[in-house]
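Here the structure is laid out as structure tokens; the discussion comes afterwards.
The values are calculated or read from the model by the stated rules, or taken from the named source; none is laboratory data. No experiment lies behind these values; they were computed from the predicted model shown. All Cβ positions, glycine included, derive from the backbone under ideal geometry; neighbour counts span all protein chains shown. Just the protein is used for accessible areas: all its heavy atoms, side chains included, with ligands, DNA and RNA removed. Shrake-Rupley method; radii C 1.70, N 1.55, O 1.52, S 1.80 Å.
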Amino acid sequence: MTSSSTPSTTPSRTAPFTGAVFIATSLDGFIARPDGDIDWLVRRGADAGDTGYDEFIGGVDRLVMGRGTYEKALTFDAWPYEGRDVLLLSSRAPADADPRVRVVRDVPAAVEAITAAGARRVYVDGGRVVRSFLAAGLIHEMTITTAPVLLGRGLPLFGALEHDVDLTHVRTAVLGAGFVQSTYVVTS
């Protein structure tokens, strides 16, 4: 990360925190349908069994999510991040959008808030936010659970990259109902 307000286009491995992704995709790489719907995941998710999410979320200090992920979380029966420090990365959300979140406008502001809070492990969630943090070199590990479904179109987890992102495979597990979960460490 450079000191300017624009993230560096080359990865930085000097962040004072570990950026971690824990997310599910369809086999063709989508995190949601074009309208943000995740019914395809919810319908199948319970059959996957223990995905390790509870252990993962128990080990994070702070969460950074985008507006789409935030709006999806608002549709759940209960706020899934109760008691957690949540940053909402959004250029359009009002600063006082929700007392459960702190709105930050860009990646440098998110990094500043994370660093000021002394967070060591940060959950990075939402397609655009993951891509932005990845481009800035702020993602260190990714756990991606693949659902056995093809959506054909939707909101992608990944997109165009300015450079290769090298990964080291840590583990892969076959979960229930045909879900496959792989964990990687980002090495470049």
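Which number in (1) touching a helix residue (DSSP H, G or I) at 6+ places or on another chain (Cβ under 7 Å); (2) over 25 Å from Thr183 (Cβ atoms) marks the one condition that Ala113 misses?
Result: Ala113 fails condition (1) only.
Restricting the search to the range 155-176, which residues are more than 18 Å from Thr187 (Cα to Cα) and at pLDDT 95 or above?
Leu155, Pro156, Leu157, Ala173, Val174, Leu175, Gly176
Just checking, which of Glu71, Glu55 is more than 15 Å from the chain's Cα centre (by Cα), without any contact (Cβ under 8 Å) to a residue 40 or more places away in the chain and open to solvent by 60 Å² or more (accessible area, probe 1.4 Å)?
On inspection, the qualifying residue turns out to be Glu55.
Being over 14 Å from Thr69 (Cα atoms), touching a residue at least 24 places away in the same chain (Cβ under 8 Å) and part of a loop (DSSP other than H, G, I, E, B) is the filter here; which residues of the range 99-108 pass it?
Asp106
In the range 7-34, which residues are open to solvent by 70 Å² or more (accessible area, probe 1.4 Å) and modelled with pLDDT under 95?
Thr9, Thr10, Arg13, Thr14
Just one of (1) under 21 Å from Gly58 (Cβ atoms); (2) within 13 Å of the chain's Cα centre (by Cα) trips up Arg84, so point out which.
Answer for Arg84: the failing condition is (2).
State whether the residues of the range 139-154 include one that is within 27 Å of Arg44 (Cα to Cα), at pLDDT 95 or above and open to solvent by 80 Å² or more (accessible area, probe 1.4 Å).
Among the residues of the range 139-154, at least one is within 27 Å of Arg44 (Cα to Cα), at pLDDT 95 or above and open to solvent by 80 Å² or more (accessible area, probe 1.4 Å), which makes the answer yes.
Can you pull out every residue in the range 121-130 that is open to solvent by 20 Å² or more (accessible area, probe 1.4 Å) and either more than 25 Å from Ala173 (Cβ to Cβ) or aromatic (Phe, Trp, Tyr) (or both)?
Arg128
Among the candidates Arg105, Arg62, which residue alone is surrounded by fewer than 17 Cβ atoms within 10 Å (Cβ to Cβ) and more than 20 Å from Ala147 (Cα to Cα)?
Arg105
Which of the residues belonging to the range 109-118 are open to solvent by 10 Å² or more (accessible area, probe 1.4 Å) and either touching an Asp or Glu at 6+ places or on another chain (Cβ under 9 Å) or without any contact (Cβ under 8 Å) to a residue 24 or more places away in the chain (or both)?
Ala109, Glu112, Ala116, Ala117, Gly118
Take the conditions over 18 Å from Gly59 (Cβ atoms), of a type in the set (Lys, Arg), in contact (Cβ under 8 Å) with a residue 40 or more places away in the chain and not in a loop (DSSP other than H, G, I, E, B) and apply them to Arg128. Does it pass?
Yes; evaluated as a whole, the condition is true for this residue.
I'm told Leu41 meets every condition in (1) more than 22 Å from Thr18 (Cα to Cα); (2) surrounded by fewer than 17 Cβ atoms within 10 Å (Cβ to Cβ) except one. Can you identify the failing condition by its number?
Status for Leu41: all satisfied but (2).
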